[in-house]
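Chemist: My questions will all concern the structure given below.
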Amino acid sequence: MTPRPQLTRVHNFGVSLDGFATGEGRTLDAPFGHAGFRLHEWFFDTAMGREMQGRGPGGSRGVDNVYTETNWRDVGAEIMGRGKFGPQTGPWPDESWQGWWGDDPPFHTPVFVLTHHLRPSIEMAGGTTFHFRDASPADVLAEAQQAAGDLDVRIGGGPSTVREFLDADLIDHLHVVLVPVVLGRGVSLWAGQEALRERFDVEAVASPQGVIHLTFTRRA
């Protein structure tokens with residue numbers, strides 16, 4: 001049997017109509033800045049979204065839930081930028097901050113956090129361990145691929161990190177959720193990506209929630 005290829009994937013990445021994937025003014029109380037949770041509201045009432053939020057059974061099981069569930073399948077490691085891990089910038093004031101997600105983060109895999117300010121790894125409940133790396137996209141991906149074994153590596157964001165991996169031509173699968181809001185300012189996903197269609201095939205699926213799921217698949 002031919003072994004399954006190991007992929008580098010991005011999933012459920014919300015983007016506004018004007019191309020911003022997060023807002024300005026990120027703080028501890030506003031992890032997405034002035035955007036709030038507007039880019040993620042489509043997810044909250046899916047069956048898996050309700051389960052992940054501890055809201056009990058129910059929720060939609062249509063196209064939005066299918067994409068939500070795909071985010072978690074066959075993933076053996078994650079890479080994220082420091083901004084996804086926390087609101088701090090510069091040197092760490094101390095090592096008490098352990099991410100936005102409490103004692104049992106949802107990843108349950110090794111997670112590699114890209115930062116110029118290193119600190120010891122953090123082992124959390126449920127199999128998540130945060131490793132802090134000052135490395136190029138290619139180098140940290142090679143480490144994450146080894147940690148993932150036969151499974152895939154997910155690039156979790158934020159938009160600057162996803163752009164770095166797109167610029168290095170390291171992403172095989174990119175799922176973007178186009179959300180019908182205008183943010184006006186923030187961090188763009190598409191800056192410098194004019195040639196994206198030359199490398200990827202694109203499919204679009206509309207949702208009753210009013211969002212459009214765009215899937216970019218690397219051409220063979």
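The values are calculated or read from the model by the stated rules, or taken from the named source; none is laboratory data. These numbers come from a predicted model, not from an experiment. Using ideal geometry, Cβ is built from the backbone for each residue, glycine included, and neighbour counts are taken over all protein chains shown.
Chemist: Given (1) at negative phi; (2) assigned to a loop (DSSP other than H, G, I, E, B), identify the lone condition not met by GLU51.
Modeler: Checking GLU51 against (1) at negative phi; (2) assigned to a loop (DSSP other than H, G, I, E, B), the one that fails is (2).
Chemist: Continuing with the same structure: Pairs only if they're at least six apart or on different chains, beta carbon under 7 angstrom, first in the stretch 2-25 and closer than 15 Å to LEU174 by Cα, second among the hydroxyl-bearing types (Ser, Thr, Tyr) and surrounded by 21 or more Cβ atoms within 10 Å (Cβ to Cβ); list them, first residue then second.
Modeler: Taking only residues 6 or more apart or on different chains, the pairs are ASN12/TYR67; ASN12/THR68.
Chemist: So GLN209 ticks every box in (1) modelled with pLDDT under 95; (2) loosely packed, with under 12 Cβ neighbours inside 10 Å but one. Which box is left unticked?
Modeler: Among (1) modelled with pLDDT under 95; (2) loosely packed, with under 12 Cβ neighbours inside 10 Å, GLN209 violates only (2).
Chemist: On to the next question. Give me the residue from the stretch 73-86 that is out of contact with any Phe, Trp or Tyr (no Cβ under 9 Å at 6 or more places or on another chain) and in contact (Cβ under 8 Å) with a residue 12 or more places away in the chain and, out of that set, surrounded by the fewest Cβ atoms within 10 Å (Cβ to Cβ).
Modeler: Of everything passing the filter in the stretch 73-86, ASP74 is surrounded by the fewest Cβ atoms within 10 Å (Cβ to Cβ).
Chemist: Residue check, SER136 against (1) small (Gly, Ala, Ser); (2) over 19 Å from ASP167 (Cα atoms); (3) more than 17 Å from the chain's Cα centre (by Cα), all met but one. Which one?
Modeler: Only one criterion is unmet by SER136, namely (2).
Chemist: Which of (1) in contact with a Phe, Trp or Tyr (Cβ under 7 Å, 6 or more places away or on another chain); (2) outside any loop (DSSP other than H, G, I, E, B); (3) crowded, with 16+ Cβ neighbours inside 10 Å is the odd one out, the single condition THR217 does not satisfy?
Modeler: (3)
Chemist: A further question on this structure: Across the stretch 169-214, what is the total count of residues that are farther than 22 Å from GLU69 by Cβ, of a type outside the set (A, V, I, L, M, F, W, C) and assigned to a loop (DSSP other than H, G, I, E, B)?
Modeler: Qualifying residue count, the stretch 169-214: 8.
Chemist: Looking only at residues in the stretch 5-38 that are in contact with a helix residue (DSSP H, G or I) (Cβ under 7 Å, 6 or more places away or on another chain) and aliphatic (A, V, I, L, M), which one is farthest from ASP64 (Cα to Cα)?
Modeler: Residue satisfying both the conditions and the ranking: ALA21.
Chemist: Of the conditions (1) without any contact (Cβ under 8 Å) to a residue 24 or more places away in the chain; (2) on the phi < 0 side of the Ramachandran plot, GLY126 fails just one. Which one is it?
Modeler: In the conditions (1) without any contact (Cβ under 8 Å) to a residue 24 or more places away in the chain; (2) on the phi < 0 side of the Ramachandran plot, GLY126 misses (2) alone.
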